[in-house]
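S.K.: The following block contains the structure, expressed as structure tokens.
The values are calculated or read from the model by the stated rules, or taken from the named source; none is laboratory data. Here the structure is a predicted model, which is why all the values come from computation and not from measurement. Cβ: placed from backbone, ideal geometry, glycine included. Neighbour counts: every protein chain shown.
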Amino acid sequence: MIQEGTNEIKEIIQEDIWGSIKEFLNMGIHLGEGSKSIHLTIGLLLILAVTLVITRLLLKWLRYLLTRKMETEDRQKFSSVFKFANYVIYVVVLLITLSAGGIDITLVITASAALFVGLGLALQELFQDILGGILIIVDKSLQVGDIVEVDGKVGKVFEIKLRTTRAITRDDKVVIIPNHKFISDIVFNYTQNHRTTMERVVVGVAYGSDVDLVTRLLEEVVVDQKQVLKNPKPFVLFDDFGDSALVFSLNFFTNDSFAGLRIKSQIRYKINTKFRENNVTIPFPQRDVHIIQQQKPQE
């Protein structure tokens, strides 16, 4: 009796309840027969919806995992990358689900591949910029406030975006630098290791000048110069015996290398004044020209 009751319950579940559920899930659009048939059913749509929800949850978890140690500003910069990645993954999930439903997606994949190859070639530099931006943000190779030199232009970075970096030059112009420059070109970062940089002013004096006096005058020039650090201490080097001058360099340290041109200009003004007061001559290049006149042959 118990065995018969159990069998009846199984039959009811399999035939009536589960059968009704299968019938409901198989409701939809059925086109064609055999291997080329297409079935767009309620069950397929439910599977697609569940798959998209699970994919979304996994992407959110992956995004949290990758950005949990980043600052808020850096997280925001990745928003466009994650959106693009989400779209690509959603399309892949959609195609897989449609394929499972019996839809031939070969033509769609072929067309998409050709489209992506074309876009990849057209937007190659854009992708390089985005990759460069990701690397900059992740490894902190560049930060706001850094002073960099790119293609001979010196600028102070004030904004780092995913595709470009913006810096203001010494003449108050904004330069927009594509991020691929930082991974493909040689870039000088004046403040990567610390904020202090060494600057130098080169000057030549006439042969026969008192080199000790010149050294002392150059050292006096930077004693009260603003933005020049007392420690490390400025120093003077006798660089070379030039073609028409004895070459000296005044080396000093500053925390504001962005204002280096202005500081050097002020120092040169003082050097010129000091040398005039002490009769130290700054020579200019001279050349002796010898004119040889050839005598006409006697007839």
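Every residue, every condition in (1) basic (Lys, Arg); (2) modelled with pLDDT of 75 or more; (3) not in a loop (DSSP other than H, G, I, E, B), yes or no:
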| position | (1), (2), (3) |
| --- | --- |
| Thr51 | no, yes, yes |
| Met70 | no, no, no |
| Arg75 | yes, no, yes |
| Tyr87 | no, no, yes |
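S.K.: Going by the conditions given, is Val157 surrounded by 14 or more Cβ atoms within 10 Å (Cβ to Cβ), within 15 Å of Gly133 (Cβ to Cβ) and modelled with pLDDT of 85 or more?
M.R.: Numbers: surrounded by 14 or more Cβ atoms within 10 Å (Cβ to Cβ): yes; within 15 Å of Gly133 (Cβ to Cβ): yes; modelled with pLDDT of 85 or more: yes.
For Val157, the condition - surrounded by 14 or more Cβ atoms within 10 Å (Cβ to Cβ), within 15 Å of Gly133 (Cβ to Cβ) and modelled with pLDDT of 85 or more - is met.
S.K.: Turning to a different aspect of this structure: On the basis of being surrounded by 14 or more Cβ atoms within 10 Å (Cβ to Cβ) and basic (Lys, Arg), does Lys264 make the cut?
M.R.: Working: surrounded by 14 or more Cβ atoms within 10 Å (Cβ to Cβ): yes; basic (Lys, Arg): yes.
So Lys264 passes the test.
S.K.: Go through Thr191, Thr165 for me and flag whichever is in a strand (DSSP E or B) and touching a helix residue (DSSP H, G or I) at 6+ places or on another chain (Cβ under 8 Å).
M.R.: Values: Thr191 fails: in a strand (DSSP E or B).
Step by step, each of Thr191, Thr165 is checked, and only Thr165 is in a strand (DSSP E or B) and touching a helix residue (DSSP H, G or I) at 6+ places or on another chain (Cβ under 8 Å).
S.K.: Something else: Could you tell me which residue of the stretch 127-148 is modelled with the highest pLDDT, considering only residues that are charged (D, E, K, R) and surrounded by 14 or more Cβ atoms within 10 Å (Cβ to Cβ)? So that I can check it myself, show each step before the final result.
M.R.: In the first step, residues of the stretch 127-148 are kept if they are charged (D, E, K, R); the result is 129, 139-140, 146.
Adding the requirement that they be surrounded by 14 or more Cβ atoms within 10 Å (Cβ to Cβ) leaves 129, 146.
Numbers: Asp129: 80, Asp146: 86.
Looking at the filtered set, the residue picked out is Asp146.
S.K.: Which numbered condition trips up Leu250, out of (1) of a type in the set (A, V, I, L, M, F, W, C); (2) at pLDDT below 90; (3) not in a loop (DSSP other than H, G, I, E, B)?
M.R.: With respect to (1) of a type in the set (A, V, I, L, M, F, W, C); (2) at pLDDT below 90; (3) not in a loop (DSSP other than H, G, I, E, B), Leu250 is out only on (2).
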